[in-house]
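This report refers to the structure that appears directly beneath it.
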Amino acid sequence: MFNDRNPAGSVRGRFAPSPSGDIHIGNALAALLAWLQIRSLDGKLVLRMEDIDTARCRPEYARHIIEDLRWLGLSWDEGPDIGGPCGPYVQSQRLELYEAALNRLRIQGRLYPCYCSRQDILAAAAAPHGLSSEGPVYPGTCRSLTPEEAGQRSLTKTPSLRFAVPPCEIAFTDGIAGSRRTDAAAGGDFIVRRADGIFSYQLAVVVDDALMGITDVLRGADLLDSTPRQLMLYEALGWKPPRFTHVPLLMDPDGRRLAKRHGGITLAELREAGASPQTVNGWLAWTAGLLPEPLPVSPQELIREFRQDQISREDIIVTPDMLRRLHPSLGQRGH
Ligand code: GLU
Ligand code: ZN
């Protein structure tokens, strides 16, 4: 991306963890793959703490995340701990930037206030299937409120702000999923600022990736469904979007995300159990299809052989047997 933040047009990627808990092996896989993608292209990596939802995030988790990523052998060129030209690298310190973007969208008439409660939306949503990661589709109830009606409602309730999705198709090419095409309206008008004043993930991540000059976003496949919304925000804000690559998630044999069970398997507990970072890296690379066997390696050793098209295209089913190869004590955790 050639813009004023990235004049040389060099490759820039990021890790964007939310400090709402310790890093589990699913996060670690996405982080390792993002690191390999960018390091194999000789690019720069940014670490950004996505603590926009302050009620769910804690500074001590942010500290643990930094420790855990370093323990794994990953490195970054800019971040909350080392600074850099595109800081601050912590979302809770970037609120004016989100406010400015929001104002631009507001002036363009792309936003409207929504007074609906969660229950209103659940009751009104005819079809319960929206974007899987984003809850029910908002049926657009408040889009047609007149300014007088909205004024009346605002006397008793603080609204959230929604982005009015234009009728169009969104097409993009994912680095793993390939060519994607969705009806923009399928997900409904989405929130950019909640009623409690918190900016939404969608808005914050777009503002941050754009202003940090990110050219390549690599993240978990759970966010594939969010990408069309983010592309609409890039378009509305007049920014060039990055390339997107969504990597497979670690699942248990019942098809649930490993991260959601037992709080996931964290790097902290592996480290405490005596696992080495090389064992964890080798195991992660093996599950993703980058190594034929889970042999201990450092991230550095994986760079030379790394090819993005080797990454498995499907979610990774982690069996108890596979967990045992990560650490003998984990065999029972798959059940
Ligand atoms: N902060 C998000 C998470 O931890 C990742 C956001 C992104 O990569 O776009 O799930
Ligand atoms: Zn509404």
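Pairs of C-alpha atoms in the stretch 115-242 farther apart than 18 Å represent 58 percent of all such pairs. As a fraction of the 1.4 Å probe accessible area of the chain, surface on carbon and sulfur atoms comes out at 52 percent. Need one word for the stretch 196-295: rounded, prolate or oblate. Basis is the Cα gyration tensor (sqrt eigenvalues a ≥ b ≥ c); a/c below 1.5 gives rounded, then a/b vs b/c decides. Prolate.
The string of couplings for the stretch 168-183 from the Karplus curve (6.51, -1.76, 1.60, θ = phi - 60°) is 6, 9, 10, 10, 7, 10, 8, x, 10, 6, x, 6, 10, 9, 9, 6 Hz, one whole number per residue in order, with x for Gly and Pro.
With the Cα gyration tensor of the chain giving a ≥ b ≥ c as the square roots of its eigenvalues, does the rule (a/c under 1.5 for rounded; else a/b larger than b/c for prolate; else oblate) give rounded, prolate or oblate? Cα axes put the chain in the prolate bin. Can you find, among Thr54, Leu122, Ala171, the residue sitting farthest towards the positive end of the charge dipole of the chain, where Lys and Arg contribute +1 and Asp and Glu -1 at Cβ? Going by the Cα projections, it comes out as Leu122. The figure for Glu269 is an accessible area of roughly 60 square angstrom, using a 1.4 Å probe on the protein chains alone.
Computed from label points 7 Å out along Cα-Cβ, the spacing between Ala185 and Gln278 is 5.8 nm. Phi-derived couplings, Karplus 6.51 cos²θ - 1.76 cosθ + 1.60 at θ = phi - 60°, listed residue by residue for the stretch 96-108: 5, 5, 5, 4, 5, 5, 4, 5, 4, 5, 5, 4, 6 Hz, with x used for Gly and Pro. For the pair Asn103 and Ile317, label points projected 7 Å from Cα toward Cβ lie 5.4 nm apart.
Couplings for the stretch 229-234, taken from phi via the Karplus curve 6.51 cos²θ - 1.76 cosθ + 1.60 with θ = phi - 60°, read 5, 5, 5, 5, 5, 4 Hz in order; Gly and Pro are left as x.
Ranking Lys44, Lys157 by solvent-accessible area of protein heavy atoms (1.4 Å probe, all protein chains present), from largest to smallest, gives Lys44, Lys157. For the options Pro166, Pro320, Pro147, a Gaussian network treatment of the chain with springs between C-alpha atoms closer than 10 Å singles out Pro147 as fluctuating the most. A cut-off of 5 Å between modelled amide H atoms, ignoring neighbours fewer than 5 places along the same chain, links Met251 with Leu258, Ile316, Ile317, Val318. Close amide-amide hydrogen proximity is noted between Lys44 and Val11, Arg12, Gly13, each under 5 Å apart and 5 or more residues distant or on a separate chain (H modeled in the peptide plane; Pro and chain starts excluded). Distances between placed amide hydrogens fall under 5 Å for Phe190 paired with Phe163, Val165, all partners being 5 or more residues away or on another chain.
Model label sites at Glu305 and Ser144, defined 7 Å from Cα along the beta-carbon direction, differ in position by 6.0 nm. Please state the shape class of the stretch 244-335: rounded when a/c is under 1.5, otherwise prolate if a/b exceeds b/c and oblate if not, all from the C-alpha gyration tensor. The shape class here is oblate. Think of it this way: in the chain, Cys57, Cys86, Cys116, Cys168 stand alone, with no other Cys Cβ under 4.7 Å. Across Thr173, Thr182, the residue with the most accessible area heads the list, and the full order at a 1.4 Å probe is Thr173, Thr182.
The values are calculated or read from the model by the stated rules, or taken from the named source; none is laboratory data. Only a predicted model underlies this, so the values are computations on that prediction, with no experimental measurement involved. Note: ideal-geometry Cβ built from the backbone for every residue, glycine included; neighbour counts use all protein chains shown. Note: accessible area is taken over every heavy atom of the protein model, side chains too, but ligands, DNA and RNA are not part of it. Shrake-Rupley method; radii C 1.70, N 1.55, O 1.52, S 1.80 Å.
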